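The values are calculated or read from the model by the stated rules, or taken from the named source; none is laboratory data. This is a predicted model, so every value here is computed, not measured. Every residue, glycine among them, receives a Cβ derived from its backbone with ideal geometry; neighbour counts consider all protein chains shown.
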Amino acid sequence: MSKKIKLFCGPSNYHIDKIYFEEADEFIVGVDSGLKLLLEKGMAIDLAIGDFDSIDPSWISELKQKHIEIIRLEPQKNMTDLAFAVDYLYNHMEYSRIEIYGGIGGRVDHFLANLNLLKRYELSFRDDNHWIFVLKKGKHPIQHFHRYISFFALEDCYNLSLQGFKYELNNYFLGISDSLCVSNEGSGTVDFSKGRLLVVTSDDVNPFNEAPSYSSQLRHVSE
């Protein structure tokens, strides 16, 4: 059976217990500062990747004693720790999907680099206030529990229809520079005949960093 890979990374601005729920046959990966979050929560870890410059060496020794696979990276390299991790998983494991926890917020350049991963691999990003994924052409029911949902064309999208959302659309051409579909609301069905669509569900960022729990609710129905 193919695994559901759940990858935890930085920045550490999210609450694992708010957005993570355990599933059968999941494979847990900690990437650098995301590994620190997992260790602090005492969660089971299947693979650790990073240069570990922010990790207590005693924790790495503990992982070794438990025979957990560790891939230590050099601090200076030609890709981010997260990009290395995704590429490694893509080339070495069979999986049904990759869910990335974190990777949103923090430095803008790192976030843009993470968005580029969505163009190359089938995966999603989550934190306390966002859920980000990409759709290929076809008809896709989407259910979510965030306040907003926005759509952006990674590639020009033809005959885009949005049904069931607060603002509906019918057979619209959404170009890559078109922001018409920002800040929609509700759940519904997306349908388009050509292109790739970036979907961003979001809440207003809470300045007190207190997030509602979606751990038992978030589902991409078309998965």
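Summed over the stretch 56-107, residues that are under 22 Å from Leu123 (Cα atoms) and among the polar types (S, T, N, Q) total 4. Scanning the stretch 4-53 for residues that are on the phi > 0 side of the Ramachandran plot, surrounded by fewer than 18 Cβ atoms within 10 Å (Cβ to Cβ) and touching a residue at least 24 places away in the same chain (Cβ under 8 Å) yields a single hit, Asp25. A single member of Ile70, Ile104 is assigned by TED's automatic domain parsing to the domain that holds Ser12, surrounded by 16 or more Cβ atoms within 10 Å (Cβ to Cβ) and closer than 16 Å to Val134 by Cα, and it is Ile104. Looking only at the stretch 169-206, how many residues end up being part of a loop (DSSP other than H, G, I, E, B) and surrounded by 18 or more Cβ atoms within 10 Å (Cβ to Cβ)? Qualifying residue count for the region: 1. Among the residues making up the stretch 169-190, a single one is under 20 Å from Asp203 (Cα atoms) and more than 23 Å from the chain's Cα centre (by Cα): Leu180. Among the residues of the stretch 107-159, those that are in a helix (DSSP H, G or I), among the aliphatic types (A, V, I, L, M) and either surrounded by 15 or more Cβ atoms within 10 Å (Cβ to Cβ) or touching a residue at least 40 places away in the same chain (Cβ under 8 Å) (or both) comprise Ala113, Leu115, Leu117, Leu118.
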